[in-house]
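Student: My questions will all concern the structure given below.
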Amino acid sequence: MLRVKDTLRATVHLTFDGRVIKIYHGADALSRFDTEVKTLRYLEAKGCPFVPRLLECDREKIRIVTSNCGVRVEHLDEPRRQELFAELETFGVRHDDPDQRNVTYRQSDGRFCVIDFEFATLLPEVH
């Protein structure tokens with residue numbers, strides 16, 4: 001397993017079979033866990049093709065396992081970043097941390113993807 005992130009809010013590992021394991025800690029860890037789980041389930045139900053799939057969640061361990069959405073992006077121009085997060089909103093989710101560090105590139109289909117939904121907001125459905 002490879003540790004790819006270790007901050008005050010979370011530790012993230014990448015397994016050799018391509019899964020991503022995220023363990024929440026710090027302030028509001030359980031709330032951030034709940035938000036991310038709810039958001040990923042919502043986006044999967046909406047058929048959003050550019051976010052990780054939630055494979056497992058363990059509320060007692062405050063840990064999720066997701067599919068891998070590629071490698072972190074080193075360079076992304078501002079118009080493309082804005083376009084990506086605006087596209088996410090068409091699926092009913094505002095990211096609320098639309099920074100480049102939350103964008104990956106999936107080489108298998110040449111797609112930019114969005115990760116890290118612990119601060120996301122589900123938008124009211126438009127009828």
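The values are calculated or read from the model by the stated rules, or taken from the named source; none is laboratory data. Keep in mind it's a predicted model, so treat the numbers as computed, not measured. Here the Cβ positions follow ideal geometry from the backbone for every residue, glycine too, while neighbour counts run over all protein chains shown.
Student: Given the criterion over 24 Å from Phe85 (Cβ atoms) and either in contact with a helix residue (DSSP H, G or I) (Cβ under 8 Å, 6 or more places away or on another chain) or β-branched (Val, Ile, Thr) (or both), identify the matching residue among Val65, Val20. Full working, then the answer.
Tutor: Working: Val20 fails: over 24 Å from Phe85 (Cβ atoms).
Only one candidate qualifies: Val65.
Student: Determine whether Phe112 is assigned to a helix (DSSP H, G or I) and over 18 Å from Val37 (Cα atoms).
Tutor: On the way: assigned to a helix (DSSP H, G or I): no; over 18 Å from Val37 (Cα atoms): yes.
So Phe112 fails the test.
Student: (1) of a type in the set (Asp, Glu); (2) exposed (fewer than 11 other Cβ atoms within 10 Å of the Cβ); (3) at pLDDT 95 or above: which one isn't true of Glu125, the others all being true?
Tutor: Failed condition: (3).
Student: Of everything in the stretch 10-45 that's farther than 12 Å from Ile64 by Cα and among the polar types (S, T, N, Q), which residue is modelled with the lowest pLDDT?
Tutor: Selected residue: Thr15.
Student: How about the stretch 101-120: which of its residues are touching a helix residue (DSSP H, G or I) at 6+ places or on another chain (Cβ under 6 Å) and of a type outside the set (D, E, K, R)?
Tutor: So in the stretch 101-120, the residues touching a helix residue (DSSP H, G or I) at 6+ places or on another chain (Cβ under 6 Å) come out as 112, 114-118, 120.
Within the stretch 101-120, Phe112, Val114, Ile115, Phe117, Ala120 qualify.
Student: Could you check how many residues of the stretch 80-104 are on the phi > 0 side of the Ramachandran plot and either crowded, with 19+ Cβ neighbours inside 10 Å or of a type outside the set (D, E, K, R) (or both)?
Tutor: Applying the first criterion (on the phi > 0 side of the Ramachandran plot) to the stretch 80-104 yields 92, 96.
Filter once more, so that each one left must be either crowded, with 19+ Cβ neighbours inside 10 Å or of a type outside the set (D, E, K, R) (or both): 92.
Qualifying residue count for the region: 1.
Student: Looking at the stretch 1-79, what strands (runs of 3 or more DSSP E) fall wholly within it and have at least 2 residues that are touching a Ser or Thr at 6+ places or on another chain (Cβ under 8 Å) and surrounded by 14 or more Cβ atoms within 10 Å (Cβ to Cβ)?
Tutor: Details: elements: 2-6, 10-14, 20-24, 54-58, 63-66.
Output list reads 20-24.
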